[in-house]
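Notes follow the structure.
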Amino acid sequence: MRFATIRLPDGRPSAAVLDGENVHPITGFTVLELIRRGLPDALAIGADAIAHSAPAATYELQAPLRPPTIRDFVTFEEHVEGVRTSVQGESGVPDAWYEAPHFYFTNPHTISGPGASIPVPHGCRALDFELEVAAVIGLAGSDLTVEAAGDHLFGYTILNDWSARDLQRREMEVGLGPAKGKDFANTLGPVLVTADELADRIDDEGFLALECTVAVNGVQVGRDVLSNMGWTFPAMIAYASRDSRIEPGDLLGSGTVGNGGCLAERWGRRGQQDPAPLRPGDTVTLSVEGIGSLTNTVGEQKASVPVVPAARRRADRGALREKYCVTSDAPGVRS
């Protein structure tokens, strides 16, 4: 089943189910509430809406859900290789990448949906898109095995993990992040497709074989197959739950597909910003077989605002620093 969030003519948001060309509102529910009811109940509620509600005459698609958390993985070897050169100036894929499906947490409060305008963040001169597929958790769990983790998957949607590459490059020099290079925008949509809809596209190794493409201003710039991931979604779910907990509605991004799933991969391979970074007015369309297409336009750059000053250096802290500075030979501190 294909769930969506729509804005009705009176401005109210509503969960909905897409049945062919028809969009049936599900009165009194958000998509996140349906997820928390569990997949069997959600499917039953959706089927009832199709059978007994009139299709919405007019509607506006929004992000299908607002996840409580977003873990964004990096599971495509080709992407790591290209972007590492572009952003960090280092070649190859680090050995640590092969050991586990690494991820970072990003901002669930900057979610946007289909058709949204994405402003260029402050100071950014290298705006980029990232074509990903995201899995949405349907059941809570901790310390799951890979075999059990698949039962905790509700469905899939498209994720555009927008990236300010110049901001990202600078902050990752510190060994943390990405932070401000990433947290300004995450776009989801157009729908949330339940896992059963795509079960026949899982290959013998457990990977989803879906074609993924991205176009900028109508020109295709990237194309890959989702089954080129280094780990399956159940493996990612199991890893996310290790010594931790996943909850219904949590979202796990696949990481950016290879072969042009973002501009920075191309920049790393070509040694220059070709194609050029995104500019205001550019339209980006991400398409994933079996899920749909997600289109957004780049908006104007945000006006400059004062930011925090540079850090005070240790030498400028004054006399009190020497009095209270803790060193390895201080009483009670073992080196």
Could you order E77, E99 so the one with the most accessible surface comes first? Probe is 1.4 Å.
E99, E77
In whole Å, largest first, the alpha carbons of the chain cover along the principal axes 75, 47, 44
Sorted list, accessible surface of protein heavy atoms, 1.4 Å probe, largest first, for D161, D243 is D243, D161
For the stretch 196-290, the percent of all C-alpha pairs falling in each 10 Å bin, from 0 up to the bin holding the max distance, is 14, 37, 31, 17, 1
What accessible surface, in Å², does a 1.4 Å probe find on L198, ignoring ligands, DNA and RNA and rounding to the nearest 10?
10
In whole µm²/s, the translational diffusion coefficient that Stokes-Einstein assigns to the stretch 171-231, given a Kirkwood hydrodynamic radius over C-alpha pairs, 4 °C and 1.567 mPa s, equals 87
FRET efficiency, 1/(1 + (r/R0)^6) with R0 45 Å, evaluated for I50 and M172 via beta carbons:
0.45
Given N residues in the stretch 2-62, what is its alpha carbon radius of gyration divided by 2.2 N^0.38 Å?
1.00
Difference of contour (0.36 nm per residue) and Cα-Cα distance, R269 to Y98
59.5 nm
Quick one: 3J(HN,Hα) in Hz for the stretch 213-229, Karplus 6.51/-1.76/1.60 with θ = phi - 60°, rounded, Gly and Pro as x.
9, 9, 10, 10, 6, x, 10, 5, 10, x, 7, 7, 10, 4, 6, 7, 4
Fully extended contour minus Cα-Cα distance, from R313 to E300, at 0.36 nm per residue
1.1 nm
Please list the three semi-axes, largest first and in whole Å, of the ellipsoid equivalent to the stretch 115-226, using sqrt of 5 times the eigenvalues of its alpha carbon gyration tensor.
30, 19, 13
In whole Hz, the Karplus estimates of ³J(HN,Hα) for the stretch 245-258 (6.51, -1.76, 1.60; θ = phi - 60°; x where Gly or Pro) are 8, 10, 10, x, x, 4, 10, 10, x, 5, x, 6, 5, x
With the 1.4 Å probe rolled over protein heavy atoms, the chain has an accessible area per residue in Å² of 49
What's the carbon and sulfur percent of the stretch 2-62's accessible surface, probe 1.4 angstrom, rounded to a whole number?
54
Ranking request for peptides 65-76, 137-148: highest mean number of other beta-carbon atoms within 10 Å first, then the rest in descending order.
65-76, 137-148
With all protein chains present and a 1.4 Å probe, how do V216, V307, V257 order by accessible area, largest first?
V307, V216, V257
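The values are calculated or read from the model by the stated rules, or taken from the named source; none is laboratory data. As the structure is a prediction and not an experimental result, all values here were calculated from the model. Glycine also receives a Cβ, built like all others from the backbone with ideal geometry; neighbour counts cover every protein chain displayed. Heads up: the accessible areas ignore ligands, DNA and RNA and are worked out on the full protein's heavy atoms, side chains in. Shrake-Rupley method; radii C 1.70, N 1.55, O 1.52, S 1.80 Å.
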